[in-house]
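The values are calculated or read from the model by the stated rules, or taken from the named source; none is laboratory data. Predicted, not measured: the structure shown is a model, and the values here were computed from it. We place every Cβ from the backbone using ideal geometry, glycine too, and count neighbours over all the protein chains shown.
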């Protein structure tokens, strides 16, 4: 499975254009105000780097992680073009979350259309929830099970599509605001048109009194 995913994303990112465009995700742009300036932010599955580069340009200290070397090379190119400084790591998230590089505290964790199998999603939340700083933020947008019928991009495997209950079950340590909505998304060639999405804002607990 890892080898198949690796080849799948390397092939998709091999197009001369940026598959999901150069602009950051609209929901991320609206939610970024939750992060204090200079936050240490982790971006999961950032592909060609559009979201990580934008966050770095807002003044945040950004680490991005993606499986694809081809995507990472394009992320490096985009960062250089925009004079953005960020740490781009090529790794399988299943392995990376258990390395020293994943250690917090993270002020923010960003997951934008990073659709993963349930076992890996749970592993990520279990590993990274303790790495969030007190009041650290989770910013997530993902497609819902209604998305395949809309034909505007995203996966068709229902296991990787997100529902409110999945988010609540997988991130129990956070205070969560989870909303399902339909909105028009225009992100490069990959996401085009009316889409069914889940938007998540999460916050880690305050530090214990006297800590």
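Among (1) farther than 20 Å from residue 128 by Cα; (2) out of contact with any helix residue (DSSP H, G or I) (no Cβ under 8 Å at 6 or more places or on another chain); (3) not in a strand (DSSP E or B), where does residue 192 come up short?
(3)
When the residues of segment 54-73 are narrowed to those that are within 14 Å of the chain's Cα centre (by Cα) and in a strand (DSSP E or B), which ends up nearest to residue 190 (Cα to Cα)?
The residue in question is 66.
Of the numbered conditions (1) buried (at least 23 other Cβ atoms within 10 Å of the Cβ); (2) assigned to a loop (DSSP other than H, G, I, E, B); (3) touching a helix residue (DSSP H, G or I) at 6+ places or on another chain (Cβ under 6 Å), residue 51 satisfies every one except a single condition; which is it?
Status for residue 51: all satisfied but (2).
What tally of residues in segment 11-26 results from selecting those that are in contact (Cβ under 8 Å) with a residue 40 or more places away in the chain and within 21 Å of residue 86 (Cα to Cα)?
Qualifying residue count, segment 11-26: 9.
Do we find a residue being surrounded by 20 or more Cβ atoms within 10 Å (Cβ to Cβ) and more than 24 Å from residue 162 (Cα to Cα) anywhere in segment 87-97?
yes
Please name all residue pairs, on different chains or six or more residues apart, with Cβ atoms under 9 Å, provided the first residue is in segment 113-127 and is without any contact (Cβ under 8 Å) to a residue 24 or more places away in the chain and the second residue is part of a loop (DSSP other than H, G, I, E, B) and buried (at least 20 other Cβ atoms within 10 Å of the Cβ).
Close Cβ pairs (under 9 Å, with a partner that is part of a loop (DSSP other than H, G, I, E, B) and buried (at least 20 other Cβ atoms within 10 Å of the Cβ)) amount to 126/97.
Of the residues 107, 177, which single one is modelled with pLDDT of 95 or more, within 23 Å of residue 64 (Cα to Cα) and under 17 Å from the mean Cα position of the chain (by Cα)? First the steps, then the outcome.
Details: 177 fails: within 23 Å of residue 64 (Cα to Cα).
The match here is 107.
Would you mind telling me which numbered condition in (1) within 15 Å of the chain's Cα centre (by Cα); (2) under 22 Å from residue 58 (Cβ atoms) residue 97 fails?
Here residue 97 meets the rest and fails (2).
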